[in-house]
Amino acid sequence: MTQAINPSPKPPMTPSISSSTAGRTTRSTSARMAKNRAFIYLCLGCTGLAILILTVLLLSIFIQGIGYINLDFLRNLNSSDPTTAGVYTALIGTIIVCAICAATAIPLGVGTAILIEEFRPRAKNTGHISGKAWAIGWGATAAILLLTYFVGHNAGGRVLEFSLPGVGAIKFKAVVLVWILGLVVFAAAWFAVVHFIAKESVLLFVHGIVETNIRNLAGVPSIVYGILGVTAFATMFGLFGDMGAGKFAIGQSWYDQYVGEDRNSYYIPVSGPVDKVEKTPAAADMTYYARPGSSQTVSLTFLPEDEAKERRDSIEGEMDAFDDALRDAIDATRGARGRGPATIDAATAEGIVDEAMAAGRWESDPAELRKDLIPLVAAIDGLDRRDLSRARREVINTAVDREYRTRLTDTLMVGAMPVRTDRKAWYYLSLPLGRGVMAGGLTLMLVVLPIVIVASQEALKAVPDSYRQGALAMGATRWQAVSKTALPAAIPGICTGTILAISRAIGEAAPLLVLGGVGFITATPQHAMDRFAAMPMQIFQWAREPDEGFQHIAAAGIIILLVVLLSFNALAIYIRQRASRHQ
Amino acid sequence: MQLKTRLQRTALSLGAAAALAVPAAAQNLAGEIIVDGSSTVYPITQLVAEEFRADGNEGVSIAVGFSGTGGGFKKFANGETHISDASRPIKKSEVDALSAAGIDFIEVPVSYDGLTIVVNRNNTWVDELTVEQLQLIFLSATADEVTTWRDVNPAWPNIEIKMFIPGTDSGTFDYFKEVVAGKEGSIRDDVTPNEDDNVLVRGIIGDRGAIGFFGCAYYFENEDQLKAVAIINDAGDAILPSTESIEDGSYNPFSRPLFIYVREDALDRPEVAAFIDFYLDECPELCEEVGYVRLPEVIYDRARANVENRRTGTQYLDANGDKVEGPITEVYQ
Amino acid sequence: MSSLNPPPVPSVTRLGTPRSDKLRDLREYGILGVLILFGLITLGVTLGIIGILSVETFTFFDPAGHKDAQQENTVVHVTDFLFGTQWNPLLGAEKHFGVMPLVIGTFKIVFVSMVFAIPVGLISAIWLSEYASHRARSIIKPVLEVLAGIPTVVFGFFAVTFITPVLLRWEWLQRPVYDDAGNVLTDPVTGATVTEPAGFLGWLDFGTYNALGAGLAVGIMCLPIITSLSEDALRAVPKALREGALGLGSSKFETSVKVVFPAALSGIVAALLLAIARAVGETMIVALAAGGRSVDMGSVGSALSLTDPVLPMTGYMVQMFTGDAPHGSVEYYSSYAVAGTLFVITLGLTVLGNQVQKRFREKYS
């Protein structure tokens, strides 16, 4: 069908033009010119419409969001209050995830492009063979799938278990074994064919499959990559146990954590996790650290267990009593059943403080404490919900902290049973990867890999063959010819394509949604397994909120995201223009 | 040797004491708390986490996800999370998965979520509905007979009923289905379900014959755009949803409790214990900030006691694994 | 960057001094091995996707695979899935897992987006390639690339906050509401006439979430892709063809539309198929703007309606991945069956596009 419309390739112009002119000879030139002009207007109209729509899009978002962008928006965490919500952790999360994505996608993508373009096996009639390769390749895949299905159907759910010295029990589903076996058989068959039958045509065959496969991957929806990402990276096919308790981990140091009577935690380094090392009972001559991994040691004084317990219970009990009494006294000033805003004037504030303080026992100066608490309690007047909760905590914390400071002269250990905790170094690595930045970055890598490969292929294709031939003629090997001539010349093109691909990764939300959406996180990722929030997810979450304030900060978030993207794109354009100037 | 045993025994009894409520912010808490689960509970947990952090706990890193109650329990059973948000009590299959993974959990109710039945503001005929009328409107058994408001009540106009309901995999839908359809019935299939409450709000605003339901939180936020319908309760009174009527239990049967489920062994960690303690102390104020309704104080007290005594398991399944139904003040002990 | 045009002589002399042939060969093989490994990883991606989706899909069809197996109505047959006309995992008296409504939902979105994006995109591409000045092109081309990189969640947000309100909120166009007797309804309290928004242009009753709004947003997303790729295809047509046509007396319009365009058709079709594949797999726009009810196939009108909400395949998957359905239930596995269907459709489109491009490419060298 397409063939019919096409001018036939052999004599390119004659038939189509002659037929068109033959048909049109009766038409007047002016009618044709009018048509020509009309088409120009249509073209301008369409282009104008496209530009108009995209302008409206950007403008409407800009107008909605620009008022909400300020330094605090960049510095704050996400919040349930749209006026204080910010993008800090999401922005950092996006940057780290995309950095991992770039660090993996670029070598993999450029390498594959080099394989396809520069190590293309020499043979005639490439198209024909790669078509056959394509068919056989998919046939082999289907065969493996059928095998998996029939075996997996009968025994796939069965969990196999064996133990390795030093690692412990490894459990996995039988279907995984079938898969591995299938791949091994597949690889072995290939090896045999390559080695014993026909080297060059087999290489060509593999080459054809790789090349076709990449073109076909380019259209796979990102949400499908998300599903692959979860299984391949987050759970790693269940090969290394559950995500919460992986089999392998490095970069972890273990501590026993003791909670002191002063409510501070103290740490003593131990050699392994809970099930490997016995818990250490507290002893006076041990060295404790104020923080895990810190060099600052503290010396602790121990009281006999029962005496320590008594002291601890007494201070906690007394502070609890104060806490309860204060809450009750404040609730009494509120509406029905202690709901609604508090109504406190100067006199009631004093009454509340007296009532609450009477419930506790004070070793710090009660008169001074009372003097300090009264204005704090008075400030609760008219507050409700979150504000009331905050103000009330300020009162409690003021009193309790002062009392602790007064009573505790030495640090006393009471919780003799420590808690085993760990501290993860920046290079912490565990298998399976879990839902952290590493899995996120690798999942996005899957999404952009075809784009990077195709762009790098185009860039390599654009390098004149004479570069490589010159190098080869002078005795260079293929790789030398590629790495010293073609690749450097293709770098601007590769950079441009790669940057556009990475900017796609920055904006992808669907695969991360499948991986597991984190809406609120207080910390930026500290290591590659750490959880993260990402800008597009954050925007998605805000856009779904019915509160209009969130619509505005969603728009503000979009502006930030677009600024990041535009600066990336500007870089790509700059590289390309520099490159074209050089040529 | 003897000394060690003695120390350990004392330590065991003290270990429980260490988890006791610390009245105020602990000083140098560090570590990581990972929460995931229901997007309905998410706003509460997020706000509590924000406030906990503002209360001098910057050292504790908290991540809150919203992958749904089911997705949350899946991660909880994988050992990926410490706390799981749930907009419904845990199900038998999920309890089984958790016990297979060797994870003990403590059930902590945190607030009420009232389910509001709403209609378009231009709907002049409906002010109150009975559960039976809702069954006529929503059940598949009557899907053929009831298509307009007149089919529900002959006094009402002949306007097509358009139904907007929360996503069929949401806890809100489960709850509505349980109340209206029971175990046997089912919701008709020509309704418009959507995960996004915003969609529902807008859908109902846009259609005069619309009826829908969703969490009170969203109703309270969009009060001026929608009309809530009073529901005839078990005492025969028409009750509109409000913080008072939900809390005192007169707004029934459409109010449900929300939960968090905490890993028992995570409570050994001071930061998790402090977080849960903070959650229970401040939840009554904070859940109202995000549009939910606080539970009766006695429930929070029971929850505190259950956390303190490490009472594991759910109280919404009986010994045979059957669902226990009833108001939370009776079920949750 | 300065090595862009490396003088071949110095660099080759530098590499023309191998330490030893054997070492050089070894390195050569090593590098080739690494590159082949990379190639195999890309194959592994495809195999991984197919493997995971098929295992989970088999479980979906396997009555023993999921936890609701005891309930008799949760067994799904392949034919029910492929040809069933109802998708109601949790509604109605019985669960129905017929994927057709989801597929039709997806293609409604694709239809709307392409009706908008193909003409506008192609004509813009012709203008850009044939008419625009070098200067205009050098500005617009990079802009198009930037636009092609805008995150789709942005288009979704635009659909909800701009397109849908434009379609829906014609509040100045109110119409009175009548009761059955044909009398105008009045508010019992104020006595004012009850009105309702008259809908788009006074006659189309759009749901708050509708196929048209979401489809337009998807179309806007596809527009830069279509324009940019088609322009590439048009530009690849040799100048000689244009000059020949013009020389034979064709107008610029006739040259562009009757000579250059057909010559570039294979590339354009491939570009369109890629854009369609993108539209089929688009997730965030439909998750935000398409609504959540699967297409009602009860009548032709409702099945093809653009004013009603739709639930496309990707929309259902997002619902499942953020929903409350217990892990391991039949609904949980249904999302994988839908993902499998989606994968097959998009893969088919891309393969088709590549075949078209390969088979019908004109060679002008």
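The values are calculated or read from the model by the stated rules, or taken from the named source; none is laboratory data. Quick caveat: nothing in here was measured; it's all calculated off a predicted structure. All Cβ positions, even for glycine, are placed from backbone atoms using ideal geometry, and neighbour counts span all protein chains on display. SASA here: full protein model, heavy atoms, side chains in, ligands and nucleic acids out. Shrake-Rupley method; radii C 1.70, N 1.55, O 1.52, S 1.80 Å.
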Matching residues in segment C:234-260 - criterion: being more than 8 Å from chain A (Cβ to nearest Cβ) and of a type outside the set (A, V, I, L, M, F, W, C) | C:R235, C:P238, C:K239, C:R242, C:E243, C:G247, C:T255
For C:M297, indicate whether it is out of contact with any His (no Cβ under 6 Å at 6 or more places or on another chain) and open to solvent by less than 10 Å² (accessible area, probe 1.4 Å).
-> no
Go through segment B:23-73 and count every residue that is in contact with a helix residue (DSSP H, G or I) (Cβ under 8 Å, 6 or more places away or on another chain) and basic (K, R).
-> 0
Residue hits (segment C:31-52; open to solvent by less than 40 Å² (accessible area, probe 1.4 Å) and out of contact with any helix residue (DSSP H, G or I) (no Cβ under 8 Å at 6 or more places or on another chain)) are C:G33, C:G44
Considering only residues that are among the hydroxyl-bearing types (S, T, Y) and open to solvent by 20 Å² or more (accessible area, probe 1.4 Å), look in segment C:126-151 and name the one that is nearest to the chain's Cα centre (by Cα).
-> C:S138
The condition from (1) facing another protein chain (nearest Cβ under 7 Å); (2) under 23 Å from A:V210 (Cα atoms); (3) at pLDDT 90 or above that A:L500 misses is numbered (3)
Could you please let me know if B:D113 is at pLDDT 90 or above, within 19 Å of the chain's Cα centre (by Cα), more than 9 Å from chain A (Cβ to nearest Cβ) and within 30 Å of B:N252 (Cβ to Cβ)?
-> no
Before we move on, is B:E289 among the acidic types (D, E) and either without any contact (Cβ under 8 Å) to a residue 24 or more places away in the chain or in contact with a His (Cβ under 9 Å, 6 or more places away or on another chain) (or both)?
-> no
So, of the residues in segment A:353-401 that are open to solvent by 20 Å² or more (accessible area, probe 1.4 Å) and polar (S, T, N, Q), which turns out to be nearest to the other protein chains (Cβ to nearest Cβ)?
-> A:N397
Select from segment B:224-237 the residues that are touching a Ser or Thr at 6+ places or on another chain (Cβ under 9 Å) and either hydrophobic (A, V, I, L, M, F, W, C) or buried (at least 23 other Cβ atoms within 10 Å of the Cβ) (or both) and list them in ascending order.
-> B:L226, B:A228, B:V229, B:I231, B:I232, B:A235
Number of positions in segment A:457-493 that are within 8 Å of another protein chain (Cβ to nearest Cβ), closer than 17 Å to C:R27 by Cα and open to solvent by 60 Å² or more (accessible area, probe 1.4 Å) = 2
Checking A:K35, A:K10 in turn, the sole residue that is basic (K, R), modelled with pLDDT under 50 and over 48 Å from the mean Cα position of the chain (by Cα) turns out to be A:K10
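Condition test on C:V55, is it at pLDDT below 85, surrounded by 14 or more Cβ atoms within 10 Å (Cβ to Cβ) and in a helix (DSSP H, G or I)? Show your work before the answer.
Details: at pLDDT below 85: yes; surrounded by 14 or more Cβ atoms within 10 Å (Cβ to Cβ): yes; in a helix (DSSP H, G or I): yes.
So C:V55 passes the test.
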Mind listing just one residue for me: the one in segment B:173-192 that is at pLDDT 80 or above and open to solvent by 30 Å² or more (accessible area, probe 1.4 Å) and, of those, farthest from B:E325 (Cα to Cα)?
-> B:K177
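For C:L352, are the conditions met, namely being at the interface with another protein chain (Cβ under 7 Å from one of its Cβ atoms), open to solvent by 30 Å² or more (accessible area, probe 1.4 Å) and under 22 Å from C:A117 (Cβ atoms)?
So C:L352 fails the test.
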Of the residues that make up segment A:47-56, is at least one over 17 Å from C:A245 (Cβ atoms), at pLDDT 50 or above and hydroxyl-bearing (S, T, Y)?
-> yes
Among strands (runs of 3 or more DSSP E) entirely inside segment B:20-100, those with 3 or more residues being facing another protein chain (nearest Cβ under 7 Å), open to solvent by less than 30 Å² (accessible area, probe 1.4 Å) and not aromatic (F, W, Y) are B:60-65
Which one of A:F540, A:F568, A:F550 is of a type in the set (F, W, Y), at the interface with chain C (Cβ under 7 Å from one of its Cβ atoms) and either more than 13 Å from the chain's Cα centre (by Cα) or open to solvent by 40 Å² or more (accessible area, probe 1.4 Å) (or both)?
-> A:F540
Count of residues meeting criterion [surrounded by fewer than 24 Cβ atoms within 10 Å (Cβ to Cβ) and among the hydrophobic types (A, V, I, L, M, F, W, C)] in segment A:528-537 | 2
Okay, helices (runs of 4 or more DSSP H) sitting entirely in segment C:112-168 with 1 or more residues that are within 9 Å of another protein chain (Cβ to nearest Cβ), of a type in the set (A, V, I, L, M, F, W, C) and touching a helix residue (DSSP H, G or I) at 6+ places or on another chain (Cβ under 6 Å), I get C:134-148, C:152-158
Looking only at segment C:220-247, which residues are part of a loop (DSSP other than H, G, I, E, B) and surrounded by fewer than 17 Cβ atoms within 10 Å (Cβ to Cβ)?
-> C:A236, C:P238
Picking from B:E221, B:E195, B:E145, B:E160, which residue would you name as being open to solvent by 20 Å² or more (accessible area, probe 1.4 Å), modelled with pLDDT under 80, farther than 15 Å from B:I117 by Cα and outside the structural domain of B:E288 (by TED's automatic domain parsing)?
-> B:E195
